[in-house]
Structure formats: structure tokens, C-alpha cells
């Protein structure tokens, strides 16, 4: 029998060349449902565990992953993208159920109304610009000897993914507040979530390392990251968006 995927001769249940099953089922609604269930049960094993660990012990979690304890954790890029997707779905559901800006008032958080709307709808792109910069800050503050730059990027991707997790929590809080008061929460009220988590991550990370002045390094990382983010969203991004989106 020939493998339907790669065309090699197959004698066992699975193809020895590409690993696909010899007999593949036809795609049906049952097949799609099974794939959906499999996705969520597969994600749950590592995704929820990683999310919890990155809140309770982010430094140890990131260092474990960098040093090779990876099987039980969701990989950084997929972790980041899953939380971006969840956040986007939450915002979409909120706008459909309650109306635009009824629950969260963006108040030109990323510049003009047009640029802010684009940034919210393309958050992965907007945040991805910051990843190499934040990675350089970690690389610089850890002395450039303990981790290479790519490993620092892993730490940043996990950090930004968890900040989006906290933004999702802010959306839920905003829904509860709107139901109770019929008013919207200002998006800038979510900034303390970002600042607190940036400090908590960096402090948790630095204290695991054989470095002096870990607290000062954590404070420096928090100031650098939030300062860069604020400059990006208030000055640089709106200027670029003004040239290409209007």
C-alpha cells in the first residue's frame, strides 16, 4: 500500500517515512469536532499550566524552559499567539454584545481613533515590534554572559503573552463594571497591570541568577520596558500610522 501523504510503500499502521497513518478517515463533521476537542485538550495540558506558572513564578518558569525543561510548558511563540487570539475574541464578543466603546473606552490609547482601532485589531504586530528591544534590555541587564540574545527573546515573548493574559482579565473586569454601572472603563487603567507584572517578572527572573543588585536591575528593566512601550504607543506608532492609515 502506498502512503497517501508521501507516496512511499507502507506495510504497517503508520508510514515509516512521514509518520502518517496508513488508513486515513474521510473528513466529516465528526472529524472536525474531534480535531477541535483534541486541540483544546492538547493545549490545556501545557497552556493552562504555563499560564499559571508565568503568573506565580515567572522567573523560575522561563529559566527552566531555557535550560531544557520544556516538555510540560507551552512553547513561547504559541503561548503568545494563543493569548493574543483569546484577547481579540474577547474584544470582538464585547463589541458585539454591548457595542463599541461601551465596555472599554480606548480614548485614543494608540494615537488617533483610526490608529488605535488598527492597533487593537493587529495587536500581535504592534507588540512584536517591541520584542527585540525588550530582549536587548534583558540581555544587557543580565551581563550578556548568562543568556544569549535568542534566550532573552524567549523570556520577553513569555512576558508579553502573560501581559495579554492580564489584559484579558481587565476585559472581564470591565464587563462586570459595565453591567454594574452602565459605564466604560478607561483602557489606561490597565497600565498598572503591565507595570506590576513587568516588575514581578523581572524580579522573579533576576533573583534566580548569580547577579548583584537584582532589585535595581528589576526596577531598571521595568522602567525601560514601560517607558519604551509608552513612547512607542504615544509618539512613534501614531506618527507612522498617520502616514500609512489616513
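The numbers here are math on the coordinates, done by the rules we state, and not lab data. Bear in mind the structure is a predicted one, so any value in this text is a computation, not a measurement. Every residue, glycine as well, gets a Cβ built from its backbone with ideal geometry; the counts of neighbours run over all protein chains shown.
Structure notes:
- Helical contribution to [θ] at 222 nm, DSSP H n ≥ 4, -39,500 (n - 2.57), averaged over the chain, rounded to 500: -21500 deg cm²/dmol
- Across all Cα atoms of segment 170-210, the radius of gyration (one decimal) and Dmax (whole number) stand at 15.3, 51 Å.
- The simple Förster model, with R0 at 41 Å and r as the Cβ-Cβ distance, assigns residue 173 and residue 21 a FRET efficiency of 0.35.
- In terms of packing, defined here as the mean over residues of other Cβ atoms within 10 angstrom, the peptides 179-189, 157-167 line up highest first as 157-167, 179-189.
- Temperature 37 °C, viscosity 0.692 mPa s: under these conditions the Stokes-Einstein estimate for segment 115-218, based on its Kirkwood radius over C-alpha pairs, is 213 µm² per second.
- Over the Cα atoms of segment 52-115, the radius of gyration divided by the Kirkwood radius equals 1.16; this is the Rg/Rh ratio.
- Take every pair of alpha-carbon atoms less than 8 Å apart whose residues are at least six positions apart; their mean separation over the length of the chain yields a relative contact order of 22 percent.
- Crossing angle, helix 214-231 versus the chain [Cα axis fit, 0-90 degrees, rounded to tens]: 90
- Site pair residue 144 and residue 228 shows an inter-label distance of 1.5 nm when each label is modelled 7 Å from Cα along Cα→Cβ.
- Degrees separating the helix 149-181 axis from the principal Cα axis of the chain, which is the longest one: 70
- Each residue, residue 128 and residue 188, gets one label point 7 Å from its Cα in the Cβ direction; the gap between the two is 3.0 nm.
- The ellipsoid that matches the Cα gyration tensor of the chain has semi-axes, each √(5λ) in whole angstrom, of 36, 28, 18, with the longest given first.
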